[in-house]
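Asks: The structure under discussion is supplied below as C-alpha cells; questions concerning it will follow.
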Amino acid sequence: MSTPRLLLIDDHALFRTGLRMVLANGLGPVEVFETSSLEEAMHQDMPPPDVVLLDIQLKGVNGLDGIALVQRRWPDAPVLILSSDTSPATARSALSRGARAFVSKADAAEHVLSLIGQVLRGETLAQPTWAQGDAGGADGAPELRLTARQCEVLDLVSQGLSNKLIARRLGLSENTVRGYVQSLLVALNAASRSQAAFEARRRGLIA
C-alpha cells in the first residue's frame, strides 16, 4: 500500500504544525502537504491527496464554499471539515455540501486519528441524525450505521460505565473513549449518556 497523502488547509500556522505532528506520529508513514488558503491549495503542484482536511473559517474563500472547489480539483479525495464551531447547523451545512465528516478542533487527537483512519480504509462513518435533515424512516429517524468499536462503546455506555472504566475494558485511552462518546451523542442527537442509551435501544442498536 502506498504512503497516504493528506492535504491540510488551515490559515493558522501553529495549528497546522501541531496537527501535522499528530498525524505523523499517529498514522505512521504519511505525507502531509499543507497550505494556508484554498487559493494556495488550488495552485499547489502535488499528487492527488487521499484525504483533504479543510478549515471551515479561511480568509478569502471559506471552507464551506471551498468543498466544491476541492472536489472539482480532486474528485476522489474525501473532504473532512475542521471547525471550532460545533453547532449542528454548521455541521449539517458542511455535510450537505459534500464533506465526508465534520471534525471539531476540540476533539481528542485519538478521535481525529481514528476518524481519518476510517476514511483512509474506506469505512462507512456514523451519520449523525442532524445531517439527514427530515429524511428517515417512519419515525423520522434516519438509519444510523456505527462501526464495531462505536457499538462496543455504546453498549458499555448503556451499562452505565464511566469513560475510565470503558477505557480499561477496551484497552483504549480515556481521551479516545471521550471522543467516541461525544461522537455518539451527536450521532444520536442526545444531550446526555442516558438519553443516548435510550435512543440506541429505541432504534435497536443495543439490547
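No value in this document is a laboratory result; all are computed from the given coordinates. Predicted, not measured: the structure shown is a model, and the values here were computed from it. Counting neighbours? That spans all protein chains shown, and the Cβs are built from the backbone with ideal geometry, glycine included.
Asks: Can you run phi through the Karplus equation (6.51, -1.76, 1.60; θ = phi - 60°) for the stretch 49-61 and list ³J(HN,Hα) in whole Hz, with x for Gly and Pro?
Replies: Per-residue couplings from phi come out as x, 8, 8, 10, 9, 10, 5, 6, 10, 10, 6, x, 6 Hz.
Asks: Under a plain spin-label model, where a point goes 7 Å from the Cα along Cα-to-Cβ, how far apart in nm are Thr147 and His12?
Replies: Going from the Thr147 label point to the His12 one covers 2.4 nm.
Asks: In terms of the Cα gyration tensor, with a ≥ b ≥ c the square roots of its eigenvalues, is the chain rounded because a/c is under 1.5, prolate because a/b exceeds b/c, or oblate? Intermediate values should be presented prior to the final figure.
Replies: Details: a/c = 2.11, a/b = 1.52, b/c = 1.39.
Prolate is the answer for the chain, as a/c is 1.5 or above and a/b outweighs b/c.
Asks: Arrange the peptides 18-26, 147-155 so that the one whose residues have, on average, the most other Cβ atoms within 10 Å appears first.
Replies: Values: 18-26: 15.4, 147-155: 17.0.
Listed from highest to lowest mean packing, they are 147-155, 18-26.
Asks: Also, I was wondering about something else. Could you give the dipole magnitude of the chain about its Cα centre, charging the beta-carbon of Lys and Arg +1 and that of Asp and Glu -1, in debye to the nearest 20? If you can, show how the numbers build up before the last one.
Replies: Working: 21 positive and 22 negative charges, 134 e Å.
Using Cβ point charges on Lys, Arg, Asp and Glu, the chain gives about 640 debye.
Asks: Here's a follow-up. If the elastic network links every pair of Cα atoms under 10 Å, which of Leu69, Leu14, Leu27 fluctuates the most in the Gaussian network model of the chain?
Replies: Taking springs between Cα atoms under 10 Å, the residue moving most is Leu14.
Asks: Same structure again: Using a simple charge model, +1 on the beta-carbon of Lys and Arg, -1 on the beta-carbon of Asp and Glu, nothing else, what dipole does the stretch 5-125 show about its Cα centre, in debye to the nearest 20? List each step's numbers first, then the result.
Replies: Values: 11 positive and 15 negative charges, 48 e Å.
Dipole magnitude for the stretch 5-125 comes out near 220 debye.
Asks: I need to check one value: relative contact order of the stretch 5-125, counting alpha carbon pairs closer than 8 Å and at least 6 residues apart, in percent.
Replies: Details: 179 pairs, mean separation 28.2, N = 121.
Relative contact order for the stretch 5-125 comes out at 23 percent.
Asks: At 222 nm, what value in deg cm²/dmol follows for the chain if DSSP H runs of at least 4 each add -39500 (n - 2.57) and the sum is divided by all its residues, to the nearest 500? All intermediate terms of the calculation are to be shown ahead of the outcome.
Replies: On the way: 9 runs with 95 residues, N = 207.
Taken over the chain, the calculation gives -13500 deg cm²/dmol.
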